[in-house]
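The values are calculated or read from the model by the stated rules, or taken from the named source; none is laboratory data. Fair warning: this is a prediction, and the values are worked out from it, not measured in the lab. FYI the Cβ positions are ideal-geometry reconstructions off the backbone, even for glycines, and counts take in every protein chain you see.
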Amino acid sequence: MDRSQRVAVLPPDVSRRIAAGEVIERPASVVRELIDNSLDADADEIDISWSGGGAETLRVRDNGLGLSREDLELCWQPHATSKIRTIDDLETTKSLGFRGEALSSIAAVSTMSIASAERDAPQGYRLTVDRGEFPSVEPAPPTAGTIVEVRQLFANLPARRRFLSRPQAETTAIRNTIRDKAMPFPGVRFTAQSENGTKTTYQKEQIVTRVSSVYGSIAPVQSLHEIEGTGDGFSLTIVAAEPHIVRRDRRYIRTFVNKRRVWEFQLTQAIEYAYQDVQHGGLYPIAALFLEIDPHLVDFNIHPAKREVRIRPAGEVHHRIVELLRSFLRAYTIRSVQFDGEFPEKTFNTPSPSTSNDYYRDRPRDRSVPQNDGMSTFDRGETHRKKISPLPAQRSAEKPPFQPSVRAVPSDDLTYIGTIFETYIVVQRDERVYIIDQHAAHERLLYNHLQNERSTQPLLVAEEFDTTEDQDNALRQHEEEYRKIGIKLVRIADRRWRIDAIPPEYTIPIETLIETILDLTGLNEQLDRIFLAELACKAAVKGGDFVDGLTATELARRTLALEVPRCPHGRPLWVELTRQRLETLIGRV
Ligand code: ADP
Ligand code: MG
């Protein structure tokens, strides 16, 4: 055997560098660890600056408790920590660090200096360590807190250094780390600056403003709300955006446990689940969730970077999140549609262009299905090809002729005043006038209706259609999901399918149905919800479509009776104008 193949214990400087590489992967990990230390030292001002993507120099200054001379001598040694003393402390510690490995890891792979002074001490000290060697502690002028400087990261690990991304990408990673650290600490002022970038400042602020500052213009502060609640051994703060502000991905749903960002599916899922009442699948809310939980009830040690977490009362936490958000959404949706004083700007807020409310409606309205016989949908006479009526459950055969004037059509206690801009139905009830978006309202009613429909009925004439290769594959995957919502699809040949049965109350043209099915073949999540939302949108009357007075009144009556008066995209369905409000606006009172 070659001598070099014998087992040997690695020399300490080698093993230390290997271990260091696990804690410190890139400059952003240094930033994460140093910010944690500053926060653990009770700092409320933390300044971070760097150059060369953080690999050249990186500096974190804080106004925390500081280190004594003895602390400085010890702090960079492996397993040196002030935060726990015994193994039992691990169970109760709320500090962000406790393993005592950050400074030793950083010191092993860089040139590190720490200048620090304890509060009110007349004298400060500076520690320098060069790649784990030549430590020295010298007197230095007192500082208000601690300044850690890390230079030439990975200079002694050339392979690791080569694996770093371009400075610009490392800078982005650093900024993302700072955002994740800043969000749960609104009482701490952070500044961040790279050598030629602009300086970012997060002032000391309230949690709602901090979430808005971190998320940026996508989440303006006036659209965010703070919701609080408690449970057994835990408390929750959720900062949630109004439901009409939607995203197409989960990037703006962040979750924190004991002020650490975690990637925990259960928590994110609870938020999405609560919003499903007002936003259909495929759209995601903006929210930040902060769970504070008894350290006994949580285990961070399952993941080395503490990204994942095991929460013991996971079910209770989930339940509480859903409950809190639902009552917020309910209260909000009802309050915000009342146009009388407190929330008008919210009621009429035009969503910022970056939001994707018009996900569906932006699509061209009249994409026609490829038709084999050239006949329009409207011309086809079969029973299952009826054009959808505005109100599927109570279709009335004899509709009165349209009355273009402002003429009242009574229904219950509602009076139909007219339709304005060919889109908004105006009705009056006592001292209140309601202005209802006919498309959004109809879409919501249809959506609710379709959701409750689970029965199925064979079509008189089964409908066949061709697909592309991709659609063919996707349909084979989704067949079962469609069956669950009452749509029976049969594959009759390569890239040819037949639709055999649909729920009896689908009065949607079969082409619209097929078109919707084919449109959604790229999806692999929440297919049923998205399908129904898409179908409701396509089948609903559009803005500009003529709706007769009787139908409009019925539409209004049912819309006003809805518990959640929001369209599936989260927008309000109606606004209310009271006599009193009108008189205030006019200046009568
Ligand atoms: P840990 O944070 O896990 O204890 P570190 O290696 O990150 O381990 O830090 C070692 C010790 O150095 C800490 O326990 C703390 O006592 C001290 N320390 C580090 N950074 C600071 C700081 N910015 N202010 C005050 N003390 C600090
Ligand atoms: Mg630490």
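Points worth noting:
- Residues being closer than 24 Å to Arg162 by Cβ and of a type in the set (Ser, Thr, Tyr) - total across the range 29-81: 3
One line per residue, one yes/no per condition, for (1) within 13 Å of ligand 1 (Cβ to nearest atom); (2) in contact with a Leu (Cβ under 6 Å, 6 or more places away or on another chain); (3) at pLDDT 95 or above:
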{"site": "Arg17", "(1), (2), (3)": "no, no, no"}
{"site": "Leu34", "(1), (2), (3)": "yes, no, yes"}
{"site": "Asp44", "(1), (2), (3)": "yes, no, yes"}
{"site": "Thr57", "(1), (2), (3)": "no, no, yes"}
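- Only a single criterion out of (1) in a loop (DSSP other than H, G, I, E, B); (2) within 15 Å of ligand 1 (Cβ to nearest atom); (3) touching a residue at least 40 places away in the same chain (Cβ under 8 Å); (4) hydroxyl-bearing (Ser, Thr, Tyr) is not satisfied by Ser165, namely (2).
- Filtering Leu96, Leu72, Leu67 for residues that are near ligand 1 (Cβ under 9 Å from one of its atoms), in contact (Cβ under 8 Å) with a residue 40 or more places away in the chain, touching a Ser or Thr at 6+ places or on another chain (Cβ under 6 Å) and not acidic (Asp, Glu) leaves a single hit, Leu67.
- Residue selected from the range 466-486 under the condition in a loop (DSSP other than H, G, I, E, B) and at pLDDT 90 or above, by the criterion surrounded by the most Cβ atoms within 10 Å (Cβ to Cβ): Thr467
- Test for Thr92: is it within 19 Å of Ile24 (Cβ to Cβ) and surrounded by fewer than 23 Cβ atoms within 10 Å (Cβ to Cβ): no
- Identity of the residue in the range 99-118, part of a loop (DSSP other than H, G, I, E, B) and modelled with pLDDT of 90 or more, that ends up surrounded by the most Cβ atoms within 10 Å (Cβ to Cβ): Ser110
- A search for C-beta distances below 7 Å between a residue of the range 501-529 that is over 28 Å from Glu272 (Cα atoms) and in contact (Cβ under 8 Å) with a residue 60 or more places away in the chain and any residue that is of a type in the set (Val, Ile, Thr) and assigned to a loop (DSSP other than H, G, I, E, B), counting only pairs 6+ apart in sequence or on different chains, returns Ile502/Thr456; Ile502/Ile487; Thr507/Ile388; Ile508/Ile388; Glu511/Val369; Ile514/Val369.
- Subset of the range 239-285 [under 24 Å from Thr177 (Cα atoms), among the hydroxyl-bearing types (Ser, Thr, Tyr) and in a helix (DSSP H, G or I)]: Thr268
Table: residues versus (1) modelled with pLDDT of 85 or more; (2) of a type outside the set (Asp, Glu); (3) under 28 Å from Thr419 (Cβ atoms); (4) assigned to a loop (DSSP other than H, G, I, E, B).
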{"site": "Glu464", "(1), (2), (3), (4)": "yes, no, no, no"}
{"site": "Ala501", "(1), (2), (3), (4)": "yes, yes, no, no"}
{"site": "Asp528", "(1), (2), (3), (4)": "no, no, no, no"}
{"site": "Val564", "(1), (2), (3), (4)": "no, yes, yes, yes"}
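- Among the residues of the range 567-589, those that are in contact with a strand residue (DSSP E or B) (Cβ under 9 Å, 6 or more places away or on another chain), under 15 Å from Arg429 (Cβ atoms) and in a helix (DSSP H, G or I) comprise Arg579, Arg581, Leu582.
- Options Ala107, Ala117: the member that is away from ligand 2 (no atom under 16 Å from the Cβ) and of a type in the set (Gly, Ala, Ser): Ala117
- Close contacts from the range 75-93, counting a first residue that is in contact (Cβ under 8 Å) with a residue 40 or more places away in the chain and a second that is of a type in the set (Asp, Glu) and near ligand 1 (Cβ under 7 Å from one of its atoms), with Cβ to Cβ under 9 Å and a gap of 6+ residues or different chains, come to Pro78/Glu101; Lys83/Asp40.
- None of Gly145, Gly52 is touching a residue at least 12 places away in the same chain (Cβ under 8 Å), on the phi > 0 side of the Ramachandran plot and within 16 Å of ligand 2 (Cβ to nearest atom) except Gly145.
- Flag for Ala43 being assigned to a loop (DSSP other than H, G, I, E, B) and within 12 Å of ligand 2 (Cβ to nearest atom): no
- Within the range 14-40, restricting attention to residues that are surrounded by fewer than 18 Cβ atoms within 10 Å (Cβ to Cβ) and of a type in the set (A, V, I, L, M, F, W, C), the residue that is farthest from ligand 2 (Cβ to nearest atom) is Val14.
- Of the residues making up the range 168-184, at least one is modelled with pLDDT of 95 or more and either assigned to a loop (DSSP other than H, G, I, E, B) or more than 24 Å from Val214 (Cβ to Cβ) (or both).
- Scanning the range 46-79 for residues that are surrounded by fewer than 24 Cβ atoms within 10 Å (Cβ to Cβ) and part of a strand (DSSP E or B) returns Asp47, Ser49, Ser51, Thr57, Arg59, Val60, Arg61.
- Residues located in the range 458-470, provided they are more than 15 Å from Ile517 (Cα to Cα) and touching a helix residue (DSSP H, G or I) at 6+ places or on another chain (Cβ under 9 Å): Leu459, Leu460, Val461
- Residues of the range 60-74 that are more than 13 Å from ligand 2 (Cβ to nearest atom) and under 21 Å from Lys204 (Cβ atoms): Arg61, Asn63, Leu65, Gly66.
- Scanning the range 187-217 for residues that are among the hydrophobic types (A, V, I, L, M, F, W, C) and either modelled with pLDDT under 95 or not in a loop (DSSP other than H, G, I, E, B) (or both), we see that the one that is farthest from Arg261 (Cα to Cα) is Ala192.
- Scanning the range 75-93 for residues that are polar (S, T, N, Q) and within 11 Å of ligand 1 (Cβ to nearest atom) yields Gln77, Thr81, Ser82, Thr93.
- Any pair with Cβ under 6 angstrom, 6 or more apart, that starts in the range 269-282 at a residue that is among the hydroxyl-bearing types (Ser, Thr, Tyr) and ends at one that is in a helix (DSSP H, G or I): Tyr273/Val322
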